[in-house]
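Just so it is clear, none of the values below were taken in a lab; they were calculated from the coordinates. It should be emphasised that the depicted structure is a prediction, and the values quoted were computed from it without experimental measurement.
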Amino acid sequence: MTREFESIPPRPGIYAVRHKNDGLLYIGKTKSLRGWFSGGHKAFLWAWLDKYDDEDVRIAVQVISHWRNPALLLELEAIILRATEPPYNVQIPTEM
């Protein structure tokens, strides 16, 4: 993983951060995948990820073309969060 994130598309989507041994750490959605990692959340992200060896951390992204339907994305994110319960997601929505 590099800190430039050139391989992550600047498109809306859902992302997951996974550690080799600790498993799934965090899931989220954003209007710009690359922007989320390299922009406003950069300081938070690196302070948090610096606890881990970067060879052991991977980011998976899925571009979502239906960003204009926020309810659909919220529901999708909620389903994934309930199914996986990542430890760094503070709030996991209850069933709708």
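Close amide H partners of Leu24, meaning residues 5 or more places away or on another chain with modelled amide H under 5 Å apart, are His19. Taking 0.36 nm per residue of separation and subtracting the Cα-Cα distance, full extension of the segment from Ile92 to Ala71 would add 6.0 nm. Coupling constants for region 9-25 follow from the phi torsions by the Karplus curve (6.51 cos²θ - 1.76 cosθ + 1.60, θ = phi - 60°), and in residue order they are x, x, 10, x, x, 10, 10, 9, 10, 10, 9, 3, 9, 7, x, 5, 9 Hz; glycine and proline get x.
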